[in-house]
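So the structure is just underneath, and the comments pick up after that.
The values are calculated or read from the model by the stated rules, or taken from the named source; none is laboratory data. Nothing here was measured: the structure is a model prediction, and the numbers come from that model. Note that each Cβ is placed from the backbone with ideal geometry, even for glycine, and that neighbours are counted across all protein chains shown. For the accessible areas, the whole protein counts, side chains as well, though only heavy atoms, and no ligand, DNA or RNA atoms are used. Shrake-Rupley method; radii C 1.70, N 1.55, O 1.52, S 1.80 Å.
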Amino acid sequence: MTATDPAFAIASPTRLEGRALWLGVAALLCASLAITQDKLTWLLEVFWIVLALPALPLICKRLPLTRLLCWLLALHALVLIHGGTHTYAQAPLGFALQDVFGFERNPWDRVGHIMQGFEPAILAREMLLRFSPLRRGKLLTYLILAICLSFSAFFELLEWWAALVFGADAEAFLALQGDVWDTQWDMFLCLVGAACALLLLARLHDRQLGLPVATARRDKGALSAAPPND
């Protein structure tokens, strides 16, 4: 089944909803630039948003995305903007989580890396189901997890390159906070986020993709059942 199959009746946001999401993220991005004290770290953290935000309306006009994916994109952007505005080591929401759960360090970078897997897992799932011959099952799940983990590893390389180029100025971007296992934690949490997204949101995503009910019944979960052709 591909994107041209009539079974794909995409449940997209309404025009008003889509504009509200876009304008909300754009407004918060501009506000964060105005108040941040570390412009270099801000740019390194929100680079993906700056790159994607202008192109997203054109993309959605030609390729409508599901409502679920649009909201996850906005949520991921807000996590990045908060970390970029204050730096991850000084993020106020991170300090709030630290106080509530008794963490030894500000965990906002951990939240960011969970989202680094959570949202891209649904993005990858949507693109693969709509534009490849893949169907739901073990192979699809494996490829989604591999894509997310590969991107996380690539992001760690970007952090290394930033440290080489900017030296001490990139310390806030690295957000190590004295943890020698920070890189390993980052990739692991990305993998956890991707797996959780598939476990928790696959059925909802199927409905918004307009996949046939009969096929959905054959699936006993995004991480378990394989279709007949797997």
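Take the conditions (1) free of Cβ contacts under 8 Å to residues at least 40 places away in the same chain; (2) over 30 Å from Phe131 (Cα atoms); Leu80 misses just one of them, which is (2).
Contact map, the stretch 143-159: residues that are closer than 19 Å to Glu126 by Cα paired with residues that are open to solvent by 40 Å² or more (accessible area, probe 1.4 Å) and at pLDDT 95 or above, Cβ distance under 6 Å, separation 6+ or inter-chain. Pairs shown: Leu149/Leu191.
Table: residues versus (1) open to solvent by less than 40 Å² (accessible area, probe 1.4 Å); (2) within 28 Å of His205 (Cβ to Cβ); (3) of a type in the set (Lys, Arg); (4) modelled with pLDDT of 90 or more.
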residue: Arg130; (1), (2), (3), (4): yes, yes, yes, yes
residue: Gly137; (1), (2), (3), (4): yes, yes, no, yes
residue: Leu157; (1), (2), (3), (4): no, no, no, no
residue: Gly167; (1), (2), (3), (4): yes, no, no, no
residue: Gln177; (1), (2), (3), (4): no, no, no, no
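Any chance the stretch 16-29 includes a residue that's in contact with a Cys (Cβ under 9 Å, 6 or more places away or on another chain) and of a type in the set (A, V, I, L, M)? Yes. What number of residues within the stretch 25-47 satisfy the criterion of being touching a helix residue (DSSP H, G or I) at 6+ places or on another chain (Cβ under 7 Å), closer than 14 Å to Val79 by Cα and not aliphatic (A, V, I, L, M)? Of the residues in the stretch 25-47, 3 are touching a helix residue (DSSP H, G or I) at 6+ places or on another chain (Cβ under 7 Å), closer than 14 Å to Val79 by Cα and not aliphatic (A, V, I, L, M). Please verify whether the stretch 107-120 includes one or more residues that are under 30 Å from Asp206 (Cβ atoms) and among the charged types (D, E, K, R). Yes, there is a match, as at least one residue in the stretch 107-120 is under 30 Å from Asp206 (Cβ atoms) and among the charged types (D, E, K, R).
Annotation note: Cβ proximity below 7 Å between a residue of the stretch 60-77 that is on the phi > 0 side of the Ramachandran plot and a residue that is open to solvent by less than 40 Å² (accessible area, probe 1.4 Å) and in a loop (DSSP other than H, G, I, E, B) (sequence gap 6+ or interchain) occurs for no pair.
Of the residues making up the stretch 5-45, just one is part of a helix (DSSP H, G or I), among the charged types (D, E, K, R) and surrounded by 16 or more Cβ atoms within 10 Å (Cβ to Cβ), namely Glu45. Among the conditions (1) modelled with pLDDT of 90 or more; (2) touching a helix residue (DSSP H, G or I) at 6+ places or on another chain (Cβ under 7 Å), Arg207 misses just one, which is (2).
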